[in-house]
Amino acid sequence: MHHASPLDRLLDFLEHSPTPWHAVANMAHRLDAAGFRRLDETQPWTLAAGERVYVTRNDSSIIACQLPKGRLDALRMIGAHTDSPGLHLKPHAAERSAGWLQLGVQVYGGALLAPWFDRDLGLAGRVHLRRPDGRIEGVLLNVDWPVATVPSLAIHLDREANSNRTINPQTEMSAVLLQGGDSDDFHDLLRGWLEAQHGIKKAEPLDFELALYDTQPPARVGARGELIASARLDNLLSCFIGMEALLNCDGEQGAVLVANDHEEVGSASAVGAQGPFLGDVLRRVNAQLGEAGDEGFIRLIQASRMISCDNAHALHPNFTDKHDAGHGPAINGGPVIKVNASQRYATNSATSALFHDLCREAEVPVQTFVTRADMGCGSTIGPITATELGVPTLDVGVAQWGMHSIRETAGSDDAERLIRVLTAYLNRAELV
């Protein structure tokens with residue numbers, strides 16, 4: 001895919017990243033191909049100026065660093081998150097009803113539930129198993145063909161179905177998997193899929209973290225292909241954009257890409273933005289290449305900047321009243337600066353001014369989003385990272401429709417524009 005356009009690379013990445021573990025594995029593969037060296041958190045690190053390195057935690061969060069060729073006195077950081085809302089399997093997922101083996105689900109994050117009905121669903125995630133020789137190993141699984149569906153109830157049996165009523169995920173959203181099957185069949189299927197994908201015979205699955213996902217591939221949509229439609233645009237789109245910018249940068253300055261798991265459930269975990277992962281990595285980098293000690297680290301962080309990338313709500317033509325009249329970002333209107341007086345976004349006038357200047361330099365239009373004053377506002381890793389590290393931070397993103405749906409929509413021009421702006425940011429010598 002290296003000679004493909006950024007848009008082709010994006011669609012390929014989206015299609016082959018059904019879970020955070022797959023997204024991180026695909027990002028690591030690209031970093032390996034670009035000459036980045038993988039570090040292990042449990043081992044000593046030896047770092048040199050100008051090196052390109054990366055490290056993962058839990059295989060679902062990743063930090064990649066272009067170490068500066070000169071002094072380590074400031075870092076240009078880009079943040080994103082690897083997880084998306086959806087339906088995760090319960091630990092004892094197998095359920096039987098009316099002669100069908102079904103998979104019980106728990107809702108991960110603030111998922112829009114209605115679009116999950118009547119989709120061709122695959123199954124993906126991580127399985128920990130015991131091999132015949134006794135070794136315990138975690139492997140990725142991607143059943144990328146339709147093995148399940150959550151069927152709707154016919155309108156004839158539920159005349160109120162179009163009345164915007166509540167959906168109960170405990171009783172109404174178990175996925176149908178196998179006619180006449182039982183829990184042993186599910187474990188047999190799991191063993192068969194593991195053998196087919198990894199060649200492991202007689203493996204004993206011990207536990208898993210698996211999620212259902214839509215097998216419909218990403219696509220360009222619209223009479224002129226103005227749109228891209230895909231699952232998990234929030235926030236794999238930002239992971240991809242940050243990766244492209246890091247790979248495009250000239251390598252002179254200190255640059256960091258962090259993509260955290262668990263943003264959609266509050267970021268409070270060992271691998272989430274509220275956890276210590278980024279701070280741990282930056283302290284180790286600073287100890288070798290920067291000014292040692294607490295004071296040196298604080299000086300580095302205060303001289304650095306973080307641009308947190310997470311998608312913004314585009315003005316919806318059917319629901320224009322859901323936006324403030326002066327702050328309705330347009331699809332294909334350029335990157336969006338996200339502002340919230342109550343600090344649900346971390347943007348302030350100083351970090352916003354930097355981004356406006358970067359957009360001017362890259363000749364890219366820029367927009368601003370503020371939620372209506374009478375509506376609640378979502379958040380992202382920006383304020384959490386700013387709170388944990390103290391780094392001056394800005395929240396930006398690409399405008400999209402259908403956030404947290406099983407299939408989301410964004411503009412086909414906007415990703416490339418934000419890549420250009422973030423590449424200029426990573427190359428900039430002065431951050432003031």
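The values are calculated or read from the model by the stated rules, or taken from the named source; none is laboratory data. Owing to the predicted nature of the structure, the values given are computational and were not obtained by experimental measurement. Ideal geometry is used to build each Cβ from the backbone, glycine not excepted, and the neighbour counts take in all protein chains shown. Side chains are part of the model used for accessible areas, which takes the heavy atoms of the whole protein and leaves out ligands, DNA and RNA. Shrake-Rupley method; radii C 1.70, N 1.55, O 1.52, S 1.80 Å.
Once you keep just the Cα pairs under 8 angstrom separated by 6 or more residues, what percentage relative contact order results for the chain?
Reported as a whole number, the value is 21 percent.
Could you grab the relative contact order for segment 234-325? Cα pairs under 8 Å, six or more apart, rounded to a whole percent.
20 percent
If one takes the longest principal axis of the Cα atoms in the chain, at what angle in degrees, from 0 to 90 and to the nearest 10, does the Cα axis of helix 277-289 lie?
30 degrees
Once phi is turned into θ = phi - 60°, what whole-Hz ³J(HN,Hα) does the Karplus curve with 6.51, -1.76 and 1.60 give for every residue of segment 205-221, x standing for Gly and Pro?
Result, ordered by residue: x, 9, 6, 8, 10, 10, 9, 7, 8, 6, 7, 4, x, x, 8, 8, 10 Hz.
Taking a ≥ b ≥ c as the square roots of the eigenvalues of the Cα gyration tensor of segment 290-432, is the shape rounded (a/c under 1.5), prolate (a/b larger than b/c) or oblate?
Taking the square roots of the gyration eigenvalues as a ≥ b ≥ c, segment 290-432 is prolate.
Place a +1 charge on the Cβ of each Lys and Arg in the chain and a -1 charge on the Cβ of each Asp and Glu, then give the dipole magnitude about the Cα centre in debye, rounded to the nearest 20.
Around 440 debye, computed over the chain.
Once both axes come from the Cα atoms, what is the angle between helix 414-427 and the longest principal axis of the chain, in degrees from 0 to 90, rounded to 10?
Approximately 40 degrees, to the nearest 10.
For segment 324-393, what is the accessible area per residue in Å², given a 1.4 Å probe and the full set of protein chains?
Counting only protein heavy atoms, the per-residue value for segment 324-393 is 45 Å².
At 7 Å along the Cα-to-beta-carbon direction for both Arg159 and Arg299, put a label point, then send me their distance in nm to one decimal.
7.6 nm
Give the carbon-plus-sulfur fraction of the accessible surface of segment 261-380 in %, rounded to a whole number; probe 1.4 Å, heavy atoms of protein chains only.
Carbon plus sulfur share of accessible area: 50 percent.
Which one of Phe13, Ala373, Val150 has its Cα pushed farthest toward the positive end of the charge dipole of the chain, where Lys and Arg give +1 and Asp and Glu give -1 at the Cβ?
Phe13
Check the straight Cα-Cα distances from Lys69 and name the aspartates and glutamates below 16 Å, setting aside those fewer than 8 residues away within the same chain.
Lys69 reaches Glu51, Asp250, Glu252, Glu291, Glu430.
In the chain, what percentage of the DSSP-assigned beta bridges are antiparallel, given to the nearest 5?
If I count the DSSP bridges inside the chain, around 70 percent turn out antiparallel.
Helix 183-198 against the longest principal axis of the chain: what's the angle in degrees, Cα atoms only, rounded to the nearest 10?
Compared with the principal axis, the helix lies near 50 degrees.
Under the definition of Cα pairs under 8 Å and six or more residues apart, what whole-number percent is the relative contact order of segment 117-252?
31 percent
So if a site counts as exposed when it's one of the trypsin sites (Lys or Arg not before Pro), its DSSP state isn't H, G, I, E or B, and it has at most 15 other Cβ atoms within 10 Å, what's the longest stretch of the chain without one?
Result, exposed sites excluded: 225-371.
Express in nm, to one decimal, how much length is gained between Ala350 and Leu7 on full extension, taking 0.36 nm for each residue of separation and deducting their alpha carbon distance.
Contour length minus Cα-Cα distance gives 120.3 nm.
Please list 3J(HN,Hα) in residue order for segment 43-49, calculated via the Karplus relation 6.51 cos²θ - 1.76 cosθ + 1.60 where θ = phi - 60°; whole Hz, with x for glycine and proline.
Each residue's phi maps through the Karplus curve to give 10, x, 10, 10, 10, 10, 4 Hz.
Share of segment 7-47's accessible area from carbon and sulfur, percent, 1.4 Å?
50 percent
Residue separation times 0.36 nm, minus the C-alpha to C-alpha distance between Arg130 and Gln343: what's the value?
72.1 nm
What FRET efficiency comes out for the pair Ala34/Glu430, r = Cβ-Cβ distance, R0 = 41 Å, nearest 0.05?
Given R0 = 41 Å and the Cβ-Cβ separation, E is 0.95.
May I ask for the net charge around Ser183, where only other residues with Cβ less than 9 Å from the Cβ of Ser183 are counted and Lys, Arg are +1 while Asp, Glu are -1?
-3
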